[in-house]
1. Give the residue, chosen from A:Leu32, A:Leu57, A:Leu87, A:Leu65, that is more than 13 Å from DNA strand B (Cβ to nearest atom), in the same structural domain as A:Leu118 (by TED's automatic domain parsing) and buried (at least 17 other Cβ atoms within 10 Å of the Cβ).
2. Which numbered condition in (1) modelled with pLDDT of 95 or more; (2) touching a helix residue (DSSP H, G or I) at 6+ places or on another chain (Cβ under 7 Å); (3) more than 14 Å from DNA strand B (Cβ to nearest atom) is the only one that A:Tyr161 fails?
3. Is it fair to say A:Gly46 is small (Gly, Ala, Ser) and within 16 Å of DNA strand C (Cβ to nearest atom)?
4. For the structure I just gave you, tell me whether A:Glu38 is within 21 Å of A:His122 (Cβ to Cβ), assigned to a helix (DSSP H, G or I) and near DNA strand C (Cβ under 10 Å from one of its atoms).
5. For the range A:103-122, does any single residue satisfy the condition of being without any contact (Cβ under 8 Å) to a residue 12 or more places away in the chain and not assigned by TED's automatic domain parsing to the domain that holds A:Arg187?
6. Please verify whether the range A:129-141 includes one or more residues that are more than 14 Å from DNA strand C (Cβ to nearest atom) and in the same structural domain as A:Leu185 (by TED's automatic domain parsing).
7. A:Tyr140 - would you say it is closer than 23 Å to A:Arg100 by Cβ and among the hydroxyl-bearing types (Ser, Thr, Tyr)?
8. Among the listed residues A:Pro71, A:Pro97, A:Pro81, identify the single one that is within 21 Å of the chain's Cα centre (by Cα), within 12 Å of DNA strand C (Cβ to nearest atom) and assigned by TED's automatic domain parsing to the domain that holds A:Glu29.
Amino acid sequence: MLIAWHAWARRSFPWRADGASLYVKILVEVLLQRTRAETVARFLPGFLDRFPSWAELAVSDERALGEALKPIGLWRRRAAPLHSLALAVVESNESWPIDRESLEALPAVGQYIANAILLFVHGQRQPLMDASMARLLRRYFDLCPQKADIRHDPVLHETAYKVLAEGDAVELNWAMLDLAAMVCLPRNPRCEDCPLKRTCRYRLHCKKMGTN
DNA sequence: AATACGGGGAG
DNA sequence: CTCCCAGTATT
């Protein structure tokens, strides 16, 4: 069982803590883009020291924000959109849209972060569909991706919604992300250590055809 | 459908 | 040294 495994193997991050603010939860999703969670975990305290809220972020100098983001990379890519997002959030008095179209119209918000907002802000059963969750689902269910872009792959998303249909959607998301990050690795997956190895379709596929 | 963005960690 | 990382915006 995925949740049973996660109960003892779960990774602990500041933004997963009970007291984590909505600001921290959404902000980190921007910081986590193409960036290891452990890297963000180390970087976050100092960043929050300087930018503790949407308001502080909104009134900050964009160049200074870029400088602050340098240690985790993609700083030029993140600074402007993040600053614009902060302005929009303050302008709306921190009330988040509930429809996907409005959310994805926000700066720095794409398919993934829109789902994160629907999950964390509105409590909807939405998948945090990143590259690693896509890999996990593709392997476990032996899926053939319809699209090169995981964000618009109906098979991946339908499968994810089925997984999230029952139980704690947030915990299930974290469990899948953690399993993908620690066991279902991109190159050398540790299948022998996997809690799902009994039912995973990837093991057979793996032994017959090698890696993928 | 491809690419750029980016510093840092793991093998 | 190469590959990959809780993606997004642009071409």
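The values are calculated or read from the model by the stated rules, or taken from the named source; none is laboratory data. For clarity, every value in this text was computed on a predicted model and none was experimentally measured. Heads up, the Cβs are rebuilt from the backbone with ideal geometry, glycines too, and the neighbour counts pull from every protein chain shown.
1. Testing whether each residue is more than 13 Å from DNA strand B (Cβ to nearest atom), in the same structural domain as A:Leu118 (by TED's automatic domain parsing) and buried (at least 17 other Cβ atoms within 10 Å of the Cβ) leaves just A:Leu57.
2. Single failed check for A:Tyr161: (2).
3. When the stated conditions are applied, A:Gly46 does not pass them.
4. Taking the combined requirement at face value, the residue does not satisfy it.
5. yes
6. Yes; the residues of the range A:129-141 include at least one that is more than 14 Å from DNA strand C (Cβ to nearest atom) and in the same structural domain as A:Leu185 (by TED's automatic domain parsing).
7. Spelling it out, it is not the case that A:Tyr140 is closer than 23 Å to A:Arg100 by Cβ and among the hydroxyl-bearing types (Ser, Thr, Tyr).
8. Among A:Pro71, A:Pro97, A:Pro81, only A:Pro81 is within 21 Å of the chain's Cα centre (by Cα), within 12 Å of DNA strand C (Cβ to nearest atom) and assigned by TED's automatic domain parsing to the domain that holds A:Glu29.
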